[in-house]
1. Just one of the numbered conditions (1) within 13 Å of the chain's Cα centre (by Cα); (2) in a helix (DSSP H, G or I) is not true of LEU8; which one?
2. How many of the residues in the stretch 44-75 are of a type outside the set (S, T, N, Q), assigned to a loop (DSSP other than H, G, I, E, B), modelled with pLDDT of 95 or more and more than 13 Å from LYS115 (Cα to Cα)?
3. So ALA13 passes all but one of these: (1) among the aliphatic types (A, V, I, L, M); (2) assigned to a helix (DSSP H, G or I); (3) farther than 21 Å from GLY143 by Cβ. Which condition number does it fail?
4. When the stretch 42-84 is examined, which residues are found to be in contact with a Phe, Trp or Tyr (Cβ under 8 Å, 6 or more places away or on another chain) and among the polar types (S, T, N, Q)?
5. Can you say whether ASP43 is closer than 15 Å to TYR137 by Cβ and surrounded by fewer than 20 Cβ atoms within 10 Å (Cβ to Cβ), as far as the supplied structure shows?
6. Could you tell me which of the residues GLN61, GLN102 is surrounded by fewer than 21 Cβ atoms within 10 Å (Cβ to Cβ) and within 20 Å of TYR137 (Cβ to Cβ)?
7. Against the definition (touching a strand residue (DSSP E or B) at 6+ places or on another chain (Cβ under 8 Å) and loosely packed, with under 15 Cβ neighbours inside 10 Å), how does PRO113 come out, yes or no?
Amino acid sequence: MNIFAVDLDPKFAAYSLCDQHIVKMPLETAQMLSTNLSLWGLDHEYKPCFHNHPCTIWARQSYLNFMWLWYHGASLCYTYTLRYKKVHKCEEIIRNALKSLQNGLKKGLVEFPAKGLTPFAQAMPEEFKQENAVEAYRSYYKGAKLSFARWKYGGRPAWAK
């Protein structure tokens, strides 16, 4: 479970990921969104999991956090379609998560404890953590993920060279 926040822009963060993560990360994103919706008593499509994972907690701390993750998930699915010429199985689940959140907000069922975008949770070994979470995730990606990463269907980002 993770959110590879390798860029402040959720779309660029998604597009930057290697092919393997473009396949895998939409599921983890859908799970985090669904888990948080379930905690608010809203419609969700996946069974809740990892309630107390730092990334799941981060996503429910503020509206902007939730929306960052939602845009990131939608962008992961869009990138998946660009690279593999098919629709990811989680795309509809991620899209429905936004509808569920909007319904919950209209009904007053959702409260966020923080305002604005809060610092990203850094779910990584201590050796990669730093004050700037984007730089931390880039360092983590380069230090722990490049050994298997490939960008056959998308360009390797400059920071990963």
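1. Every listed condition holds for LEU8 apart from (2).
2. Of the residues in that region, 1 qualify.
3. Of (1) among the aliphatic types (A, V, I, L, M); (2) assigned to a helix (DSSP H, G or I); (3) farther than 21 Å from GLY143 by Cβ, only one is false for ALA13: (3).
4. Correct list: THR56, GLN61, SER62, ASN65, SER75, THR79.
5. It is false that ASP43 is closer than 15 Å to TYR137 by Cβ and surrounded by fewer than 20 Cβ atoms within 10 Å (Cβ to Cβ).
6. Result: GLN61 is the single residue among GLN61, GLN102 that is surrounded by fewer than 21 Cβ atoms within 10 Å (Cβ to Cβ) and within 20 Å of TYR137 (Cβ to Cβ).
7. Spelling it out, PRO113 is indeed touching a strand residue (DSSP E or B) at 6+ places or on another chain (Cβ under 8 Å) and loosely packed, with under 15 Cβ neighbours inside 10 Å.
Residue by residue, here is whether (1) touching a residue at least 60 places away in the same chain (Cβ under 8 Å); (2) surrounded by 14 or more Cβ atoms within 10 Å (Cβ to Cβ); (3) not in a loop (DSSP other than H, G, I, E, B) holds:
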| residue | (1), (2), (3) |
| --- | --- |
| CYS77 | no, yes, yes |
| TYR80 | no, yes, yes |
| SER147 | no, no, no |
| ARG150 | yes, no, no |
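The values are calculated or read from the model by the stated rules, or taken from the named source; none is laboratory data. What you see is a predicted model, and the numbers here were worked out from it, not measured in a lab. With ideal geometry, Cβ positions are generated from the backbone for all residues, glycine too; neighbour counts draw on all protein chains shown.
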